[in-house]
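Here is the structure we will look at.
Every number here is computed from the coordinates shown, using simple stated rules; none is lab data. On a predicted model such as this, the values are computed, not experimentally measured, just so you know. Here Cβ is always computed from backbone atoms with ideal geometry, including for glycine, and neighbour counts include all displayed protein chains.
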């Protein structure tokens, strides 16, 4: 049986409290760093130390102590990716060429999406702040033509996540602030691909959802009037998804385990979303110019295997070996206060990909190392209202793929071989209201 659900936790399309449609992952693995429009303008350099609006609830809760007034932040990000596959010798498990039913040898996925963020910060008195963040920390969505060459590996991948993050922060000394948060995270997934019963092709679809929990904390140290450092950590979130698998347009056939394959059944999977740690630095060079830098580590090595189990005893587990590696993201940027009302932003970043090789890259997440170039600005028509806009273009390194399905039937272990070319444009907008 082809492995029709190899990445239940690797392609997350997002739903946020206000609204969201499917988007694409643009940080390491399937993480989404698009958590504020003000940060987008400088490629999120200094994100754990800048603390200039309520989005610091996500990047470093300790930064809430720098906010003078209560405030609400609402942001949206329009994500326009392009990724195109070119075939280079894809093969059936039996050794013959793997081709599309229309003879095509390429596939394309370019799902446009919108990601949203919401943040609220309130002063509780005695140098204590309360914050609430609602956002989408992981995610990606893809859709290929149903007759493309890699249809046994993936057709459609759509998963929604929602993260709710209440936080507290306190100013411990004049220079040191500490923050802590609790996370409630929901996932809903739907993935599909082609299966073959020996005479005809059909579509296998799995759906599932789950809720799990995590924590985060941070510190902000302002060691001079013009310089500060921020450290932030987020725990992994271990998800267990329960749902069902359905098989359309395909006949039930005998299973080597007894019973039949391709029987509609309940299914479950476990996915550990990784821990993260960031170190950020901010330096005010003068009244106008601020320099920012950031290093972020993501513990993707916890994602070594994805296994999906079925209640139907005749349906063997679907297994995908991942062997992902920990990654680093490096960014530098600047803010320039052109006037009291207008701030200009710019930044660059380099983001490593955790996929270790072409053999471990899949059609559901064919990512690779990417370089960010970002620009943005903030405009404050009054002391209590600000609008922020950001744009980033991501140059994604061409990615080779040589991925073989892992099943109990060698004839079904098709290999998808070729390369992906990709690039991404992101447009972000945000409003901050202070009261």
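Of note:
- Residues 393, 77, arranged from fewest to most other Cβ atoms within 10 angstrom of their Cβ, appear as 393, 77.
- Cβ crowding within 10 Å ranks 395, 377 as 395, 377, fewest other Cβ atoms first.
- Highest-MSF residue in the chain out of 183, 368, 260 [GNM, Cα springs under 10 Å]: 260
- Per residue, the chain reaches -500 deg cm²/dmol at 222 nm when only DSSP H runs of four or more residues are counted, each adding -39500 (n - 2.57).
- A value for Cα Rg over 2.2 N^0.38 Å was derived from the coordinates, and within the list (i) 1.09; (ii) 1.03; (iii) 0.93 it appears as (ii).
- Based on Cα contacts under 8 Å between residues 6+ apart, the range 37-434 shows a relative contact order of 20 percent.
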